[in-house]
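Since every read-out is calculated from the coordinates, none of them should be taken as a lab result. None of the values given here were measured: they were computed from a predicted structure. Every residue, glycine among them, receives a Cβ derived from its backbone with ideal geometry; neighbour counts consider all protein chains shown.
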Amino acid sequence: QAVVTQEPSLTVSPGGTVTLTCGSSTGAVTSSHYPYWLQQKPGQAPRTLIYDTSNKHSWTPARFSGSLLGGKAALTLSGAQPEDEADYYCLLSYSGAVVFGGGTKLTVL
Amino acid sequence: EEQLVESGGGLVQPGGSLRLSCTASGFTFSSQNMNWVRQAPGKGLEWLSFISGSSDVIVYADSVKGRFTISRDNAKNSLYLQLNSLRDEDTAVYYCARGEGSSWFYHWGQGTLVTVSS
């Protein structure tokens, strides 16, 4: 089974910009992996922010954006807010099967 | 208002079985694909299984293939996950999530806790 890798932790200053990445053990991440990004706060269920690389849901704040960057999927947060402190998970699809990354703990400090 | 409510979790002994349910409301359940995902205490998310709206496509993660069975009853707006031969490492919060259009994980339930322990 493929392994999906994320940074274990990142820190961003309030108002700052940070990019989280999502890599695949099988090679470059492409749009055919349909990358997703989810946010999870302590004690809450996950919430999907980005699907299919860069598509947003109605509830996704405009400061979040998804892309492909250097062979990985990327989630960029521009203008970080204190409420963005959370765990962020990416997921990739491999011919119908889904694999989550280990998650990135984002601290806004 | 749309809702996904998981139930059926609890304490079970190793080797035992449990059937989880996810009851949907506020949307056309039969039209949507569904997934089960779990999260062990303090750990990350793990995808378990997918079922299409008409149950004609079912996919499992290798880690649960042969032990877990996904199903749905569209007349009852319900999704199920049968857990068999449970192990300590199956202890987790189990979430159901529904799709919408091309988003496979559009909305999530709040989860139900399964604890496998003797």
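Structure data summary
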| read-out | value |
| --- | --- |
| Per-pair calculated FRET efficiency, R0 = 22 Å: residue A:30 and residue A:1 via Cβ, rounded to 0.05 | 0.75 |
| Cross-link reach list, aspartates and glutamates versus residue A:105, counting only Cα pairs under 16 Å and skipping chain neighbours closer than eight places | A:7, A:83, A:84, A:85, A:87 |
| Restricting the stretch A:24-109 to chymotrypsin sites (Phe, Trp or Tyr not before Pro) in coil, as DSSP defines it, with at most 16 other Cβ within 10 Å | A:59 |
| Longest DSSP-loop-exposure-free segment, GluC sites (Glu not before Pro), chain B, at most 13 other Cβ within 10 Å | B:3-118 |
| Hull-based mean projected area of the protein assembly as shown, where the convex hull spans the alpha carbons, in square nanometres | 12.1 |
| The stretch B:28-118: relative contact order as a whole-number percent, Cα under 8 Å and 6+ apart | 29 |
| Loop sites in the stretch A:1-100: trypsin sites (Lys or Arg not before Pro), DSSP, at most 13 other Cβ within 10 Å | A:63 |
| Where a label projected 7 Å from the Cα of residue B:85 along Cα→Cβ would reach, residues of the stretch B:1-36 with amide N under 15 Å | B:14-18 |
| Assigned charges on the beta-carbon of Lys, Arg, Asp, Glu; the stretch A:20-102 dipole about Cα centre (debye) | 120 |
| Share of alpha-carbon pairs per 5 Å distance bin for chain A, given as whole % | 2, 14, 25, 26, 19, 9, 3, 1 |
| Scattering curve values for chain B, log₁₀ I(q)/I(0), Debye with Cα scatterers, q = 0.11, 0.13, 0.17 Å⁻¹ | -0.32, -0.45, -0.76 |
| Normalised contact order of chain A, rounded percent, pairs of Cα under 8 Å and 6 or more residues apart | 38 |
